[in-house]
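Notes for the one structure printed next.
The values are calculated or read from the model by the stated rules, or taken from the named source; none is laboratory data. From a predicted model like this one, the values you see are computed outputs, not experimental measurements. For neighbour counting, all protein chains shown are included, and Cβ atoms are generated from backbone atoms with ideal geometry for every residue, glycine included.
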Amino acid sequence: MKNLKLVSQPSTQRSVVMVEDVAFGRDLVVIAGPCSIESEEQTLITAQAVKRAGANMLRGGAFKPRTSPYSFQGLGIEGLKILARAKSETGLPIVTEVIDPRDVSWVAEFADVLQIGTRNMQNFALLKEVGRAGRPVLLKRGMYSTLEEWLNCAEYVLSEGNPDVILCERGIRTFESYTRNTLDLSAVPAIKELTHLPIIVDPTHSTGRISLIGPMSMAAVAAGVDGLIIEVHYNPEAAKCDADQALTPDMFQALMANLRPMRSFMDRISRQHDNDNQAEVTQ
């Protein structure tokens with residue numbers, strides 16, 4: 001990975017990406033919210049619910065690149081305005097996707113973090129534009145991408161002067177059909193060996209199954225992930241996209257009750273491991 005001049009700085013010097021008072025790379029950050037912004041009622045109710053449960057940030061798509069051109073494509077500018085109202089009411093910073101280089105500057109007026117989705121991971125014009133936008137970037141792994149290809153895309157953003165990149169493992173395509181994608185949890189420790197950038201996991205899109213979101217979230221925390229991004233909808237049956245994989249607020253609250261204790265447990269194990277290693281060195 002010789003060309004990764006900025007991404008592959010010593011992994012022992014881990015970067016912390018600050019989004020207001022949220023610290024990716026230091027704390028366990030949980031981003032939650034609906035797949036798409038459908039209405040003000042849906043967004044505000046869901047935002048208030050995930051805030052009460054302990055989420056750090058709100059996710060929601062105003063622009064939705066969909067497999068079918070006839071599927072719901074998002075509310076566009078109205079969706080961004082609804083997200084702004086949700087932030088005003090809850091204080092949660094906003095993560096939302098941008099899909100066109102021409103939209104970056106004005107989407108950045110609403111978003112605290114610009115998300116690059118899996119279909120746009122190698123949209124190099126878009127990567128350059130978000131690199132110049134002055135906003136942190138959440139870069140999802142392409143569904144067919146190697147780690148090196150993914151990190152090269154992060155290099156595009158960093159090379160434009162933006163050091164604030166958060167990587168997101170969201171599952172890759174394999175021959176397995178039971179899950180929507182295959183969650184590559186080995187990417188979490190591997191990325192931490194290869195780069196200083198923080199990495200989060202999307203257990204929703206990687207599995208596509210409500211029953212697997214909790215176990216995979218816990219497994220990601222055990223693997224050392226820096227955060228999670230989880231779909232939550234106040235009424236999943238009525239969702240306009242991804243209805244089968246959105247947690248209800250009650251499900252999300254139950255999951256949150258387990259996540260941070262798990263992180264604390266893993267931190268204690270890590271500290272004990274470091275202490276044991278240090279003791280061996282000094283003997």
Criterion: in contact with a Lys or Arg (Cβ under 7 Å, 6 or more places away or on another chain) and farther than 25 Å from Ser206 by Cβ - qualifying residue of Ala108, Ala32: Ala108
Scope the stretch 217-246; condition part of a loop (DSSP other than H, G, I, E, B), over 18 Å from Asn258 (Cβ atoms) and among the small types (Gly, Ala, Ser); matching residues: Ala239, Ala246
Residue that is nearest to Ile77 (Cα to Cα) [pool: residues in the stretch 99-119 that are part of a helix (DSSP H, G or I) and touching a strand residue (DSSP E or B) at 6+ places or on another chain (Cβ under 8 Å)]: Val107
Residues that are over 15 Å from the mean Cα position of the chain (by Cα) and over 17 Å from Ser36 (Cα atoms), drawn from the stretch 211-245: Ser211, Leu212, Gly214, Pro215, Met218, Ala219, Ala222, Ala223
Output for the stretch 97-134, where each listed residue is buried (at least 21 other Cβ atoms within 10 Å of the Cβ) and not hydrophobic (A, V, I, L, M, F, W, C): Glu97, Gln115, Gly117, Thr118, Asn120, Glu129, Gly131
All positions within the stretch 123-180 that are over 25 Å from Val29 (Cβ atoms) and either among the hydrophobic types (A, V, I, L, M, F, W, C) or within 16 Å of the chain's Cα centre (by Cα) (or both): Phe124, Ala125, Phe175
From the options Leu138, Leu92, Leu147, residue that is touching a strand residue (DSSP E or B) at 6+ places or on another chain (Cβ under 6 Å) and over 19 Å from Phe63 (Cα atoms): Leu92
The stretch 28-42, residues that are buried (at least 24 other Cβ atoms within 10 Å of the Cβ) and over 16 Å from Lys87 (Cα atoms): Cys35
Whichever residue in the stretch 229-250 is out of contact with any strand residue (DSSP E or B) (no Cβ under 9 Å at 6 or more places or on another chain) and acidic (Asp, Glu) and, among such residues, is modelled with the lowest pLDDT: Asp244
Among the candidates Gly54, Gly25, Gly76, residue that is surrounded by fewer than 16 Cβ atoms within 10 Å (Cβ to Cβ) and within 20 Å of the chain's Cα centre (by Cα): Gly54
Residue that is surrounded by the most Cβ atoms within 10 Å (Cβ to Cβ) [pool: residues in the stretch 207-240 that are of a type in the set (D, E, K, R) and in contact (Cβ under 8 Å) with a residue 60 or more places away in the chain]: Glu231
Output for the stretch 190-205, where each listed residue is aliphatic (A, V, I, L, M), closer than 12 Å to Val16 by Cα and within 11 Å of the chain's Cα centre (by Cα): Ile199
Yes/no for Glu129 being of a type outside the set (Ser, Thr, Tyr), in a helix (DSSP H, G or I) and modelled with pLDDT under 95: no
Qualifying residue in the stretch 80-90 (condition: surrounded by 18 or more Cβ atoms within 10 Å (Cβ to Cβ) and in a loop (DSSP other than H, G, I, E, B)): no
